[in-house]
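Notes follow the structure.
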Amino acid sequence: MNEGIYWIASYPKSGNTWMRSFIANLTKKEEGEVDINEINTGSIASARCWIDGVLGFDIGELSHDEIDKLRPDVYCQTAQEAEQYEYHKIHDAYRLLPDGRPLIPTKATAGVLYILRNPLDVAVSFAHHSHCSIDQAIKNMGNPDFAFAKGLKRQHRQLRQQLLSWSGHVSSWGKVKGINRLIVRYEDMQLKPHETFATVARFLQLPDEQSQINQALQRCNIKNLQQQEKEKGFNEKSAKVDSFFRKGIVGDWQKTLTEKQVKQIITDHAKVMQHFGYLNEQGQPLVEPLEMNQVLDDGHDRETEQ
Amino acid sequence: MPMYYAFGLNIQSELDLPALPLTDHVEPDVTIELADINKDGLEAPVDKRLYFQSSPDKFWLHVPGIAWFQVEEGKRIQVMPEENSDMQSVNLFLLGSCLGVILQQRQYLVMHANAIRFGDQCVIFAGPSGNGKSTLAAAFYQRGYEVLADDVSAINEAIEVLPSYPQMKLWHDAATKLDIDTAELSRVRMQIEKYACPLEKGFCNKPLPLAAMYILGTHNRDEFLLEPLKGIDKFDPIKNNTYRMQYLEGLGLKGHHLQRAGQLANRIKVTRIVRPDADFQLDRLVDVILEDLQACGIKV
C-alpha cells in the first residue's frame with residue numbers, strides 16, 4: 001500500500017527533535033518513554049545511507065549536484081514501498097532542481113509539517129549547536145547560499161543540504177503549493193502545547209485523543225529529554241558542545257542577544273518575522289507571537305530569495 | 001585487447017582500465033565489452049529496483065548520466081555508456097559495482113571493507129562511509145603495512161582475502177592528514193576531489209588468511225572504545241557490512257551468503273572500535289588497533 005512520507009521540515013534548532021520525540025512517544029505501544037537515541041521515526045532526508053541504499057550504487061563518487069538529481073526518485077521509491085506513513089526529518093529548503101523538478105516530489109509526499117521558531121531564539125541556539133559566535137550564527141542565517149555538508153574535499157556522512165537564509169528557508173516551504181501542509185510555531189508548541197500538538201497529531205494521522213497527547217507530551221518534555229541526555233548522552237549532539245537539549249525556553253534572546261544583534265536579525269528577516277507574528281506593527285520584536293497566517297504569498301519570495 | 005589482473009581474475013577488456021595491472025595470461029576469466037544494453041532492464045528479473053535488476057545469472061544496473069551495465073554469470077560485463085559520459089566515470093562503476101557483482105556471482109563472500117596485511121594474515125576494516133576506513137588504510141600503508149584491498153574485500157572458501165588491485169582512493173582532506181601531496185595524484189573523477197593513490201611496494205598480491213574484522217564507528221565523546229564481540233553478536237556486523245547486500249536477493253545468493261557469513265563469524269575475531277568524532281586522532285587509532293591485535297596474538 002502506498003502511504004507516502006510526512007516531512008518534518010524545519011530550519012535547524014527550531015524544535016524538530018522535540019517534535020520527532022513527540023511522534024515517537026505518541027506511537028509507542030510499550031510502557032515508558034522513548035529512548036532519545038532511538039527516535040526512529042525515519043531517516044533524515046539527507047542521510048547518505050538511505051539514498052545510497054535505494055539507488056544501489058556508490059554515490060560517494062558523484063558530485064553534490066549529481067546526487068541531488070537522484071534524490072527525488074529515491075523518495076518516490078521509498079514512498080511507493082512504504083507500508084505505513086513514514087515521518088522523515090528534513091533541513092533542506094524546499095527547492096527546484098535545475099531541470100525544474102522539486103527536490104521533494106509531491107508524489108512522494110503525504111504531507112509537510114513545517115516547524116518554525118523566532119529567529120532571535122534560533123540564533124542563540126544555532127550558535128551553541130554550531131559551536132560558533134552568535135554573530136557568526138546571525139551571518140549564516142542571513143546567507144542565501146548557506147548549506148550543510150557542502151565541502152568538496154571529504155565525504156560527509158550526510159548529503160549537502162541547501163538551507164538558504166532563515167527567511168529563504170521559511171518562505172521556500174511556506175509558499176509550496178499543491179502539497180498538504182501545516183505550519184506550526186515552536187512558541188505555540190511551548191505556550192499552547194495541548195492544542196498545538198493535537199492539531200499536529202490529527203494532521204499526521206496519528207492517535208489524537210487528549211489523554212494520548214498528554215502522555216506523549218509528558219514523556220518528551222524538555223526536562224525528561226535533558227535528563228536522558230545527562231544519563232546516557234545523545235547521538236545527534238555535536239562533539240564540540242556540552243549538551244543538545246538546552247533551555248528550550250521562549251524569549252531566551254532577551255537575555256542573550258545585544259541590541260545590535262537583535263537589530264541585525266530584524267533587518268535581515270523583517271518581512272517573514274512580521275508575517276509569522278514575531279514583530280508587532282511597529283516592527284518591534286515580541287516574545288509571545290501574534291496570530292499567524294498559514295499562507296505566504298509570492299511577494300515574500302521576491303523579498304527573501306536574493 | 002589488453003588483459004588485466006584483479007581479485008585473482010584475468011580480465012580482458014575492450015575499455016582501458018588504467019587502475020589495474022596488466023598480465024601476460026591469455027585465457028580470460030572475465031571479459032568487459034561495449035554492447036547494446038536494453039535500457040528497460042532484464043527480460044525476466046527476479047528483483048527489480050529503481051536502478052538495478054537481478055536474476056540468478058544476470059545483473060543490470062543503470063547509473064544515470066554515466067552508463068548502463070549488465071553482468072552475467074561471473075564472467076562477462078557489458079557496458080553501454082550514456083551519450084555525454086566520460087570513460088573515467090564509467091570505469092569507476094565498472095570496477096566498483098560491476099566487479100563487485102562478478103565476485104558475488106562467483107560466490108565469494110564480498111565485504112564492504114578494506115584489508116591490511118599483518119604478518120602472514122590479514123585484517124579487514126568495515127564501517128559506514130565517512131567513518132575513515134580509507135584514511136585508516138592509508139595510515140597503515142604509511143607505517144609500512146601492505147594493503148590487499150581498498151573498499152571491497154572478497155573472501156574465498158578457505159577464508160582468505162583476495163588481493164584486489166594496487167590502488168587506494170583518498171579524499172583531499174584524508175591525503176592532507178597524511179601529508180600526501182594531491183598535486184602529484186590524479187582525481188578519480190574530475191567532478192570530485194577524490195584522488196587515486198597508486199600502491200607501489202605496499203601492495204600485497206597474494207591471498208592471505210583472514211584473522212579479524214574491525215567495525216569502525218564514531219561517537220561524540222572524547223575516548224576510544226573497543227568492544228570485542230562474542231558468539232551470535234558477531235553475525236550482524238558481518239551481515240551489515242556485506243557489499244551491496246541488496247543485490248544478493250535477486251541473484252539467488254542471499255541464503256548462501258548468510259550461511260558463509262555465519263561460518264565467518266565462527267572463525268574470526270570481530271571487534272567494534274569507536275573513535276572520537278571531533279578529533280580523528282589517526283595515530284592513536286592505529287596504535288589502539290595494533291595493541292589490540294597484539295593482545296589477541298596476531299603478529300603485527
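Odds and ends about this structure:
- Identity of the residue in the range B:94-140, on the phi > 0 side of the Ramachandran plot and in contact (Cβ under 8 Å) with a residue 40 or more places away in the chain, that ends up nearest to the other protein chains (Cβ to nearest Cβ): B:G132
- Verdict on B:L216 being within 14 Å of another protein chain (Cβ to nearest Cβ) and either more than 24 Å from B:L92 (Cα to Cα) or not in a strand (DSSP E or B) (or both): yes
- Annotation: B:S129 fulfils all but one of (1) in a loop (DSSP other than H, G, I, E, B); (2) assigned by TED's automatic domain parsing to the domain that holds B:Q12; the unmet one is (2).
- Tally of residues being surrounded by fewer than 16 Cβ atoms within 10 Å (Cβ to Cβ), more than 17 Å from A:I59 (Cβ to Cβ) and not acidic (D, E) across the range B:40-81: 5
- Screening the candidates B:N84, B:N91 for the property of being within 14 Å of another protein chain (Cβ to nearest Cβ) and surrounded by 21 or more Cβ atoms within 10 Å (Cβ to Cβ) yields one hit, B:N91.
- Any hit, the range A:28-45, residues being under 22 Å from the mean Cα position of the chain (by Cα) and modelled with pLDDT of 95 or more: yes
- The single condition among (1) among the β-branched types (V, I, T); (2) closer than 30 Å to A:S243 by Cβ; (3) away from chain A (no Cβ under 12 Å) that B:V286 does not meet is (2).
- Set side by side, the residues B:S85, B:S89 differ, and just one is more than 15 Å from the chain's Cα centre (by Cα), part of a loop (DSSP other than H, G, I, E, B) and either within 22 Å of A:L62 (Cα to Cα) or polar (S, T, N, Q) (or both), which is B:S85.
- The criterion of being small (G, A, S), more than 11 Å from every other protein chain (Cβ to nearest Cβ) and not in a strand (DSSP E or B) does not hold for B:G250.
- Those helices (runs of 4 or more DSSP H) of the range A:1-83 in which at least 2 residues are under 26 Å from A:R246 (Cα atoms), considering only elements entirely within it, cover A:16-27.
- Complete set of residues in the range B:99-135 that are closer than 21 Å to B:D29 by Cβ and of a type in the set (S, T, Y): B:Y108
- The residue of the range A:14-69 that is surrounded by the fewest Cβ atoms within 10 Å (Cβ to Cβ), among those that are more than 7 Å from chain B (Cβ to nearest Cβ) and hydroxyl-bearing (S, T, Y), is A:S43.
- Within the range B:141-174, if we keep just the residues that are in a helix (DSSP H, G or I) and touching a Lys or Arg at 6+ places or on another chain (Cβ under 9 Å), the residue that is nearest to B:Q107 (Cα to Cα) turns out to be B:A174.
Okay, residues lined up against (1) closer than 23 Å to B:Q105 by Cβ; (2) not hydrophobic (A, V, I, L, M, F, W, C):
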| position | (1), (2) |
| --- | --- |
| B:K230 | no, yes |
| B:L248 | yes, no |
| B:R260 | yes, yes |
| B:V270 | no, no |
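- Scope the range A:218-271; condition within 19 Å of the chain's Cα centre (by Cα), within 15 Å of A:Q190 (Cβ to Cβ) and in a helix (DSSP H, G or I); matching residues: A:I222, A:L225
- Residue match in the range B:21-35 (condition: more than 14 Å from every other protein chain (Cβ to nearest Cβ), in contact (Cβ under 8 Å) with a residue 60 or more places away in the chain and more than 17 Å from B:V101 (Cβ to Cβ)): yes
- Qualifying positions in the range B:187-202 - surrounded by fewer than 21 Cβ atoms within 10 Å (Cβ to Cβ) and more than 14 Å from every other protein chain (Cβ to nearest Cβ): B:P198, B:L199, B:E200, B:K201, B:G202
- Residue-level check: of (1) crowded, with 24+ Cβ neighbours inside 10 Å; (2) within 11 Å of chain A (Cβ to nearest Cβ); (3) closer than 15 Å to B:F7 by Cα, B:L148 misses just (2).
The values are calculated or read from the model by the stated rules, or taken from the named source; none is laboratory data. Everything numeric here is computed off the predicted structure, so don't read it as measured data. Glycine gets a Cβ as well: all are built from the backbone with ideal geometry, and neighbour counts include every protein chain shown.
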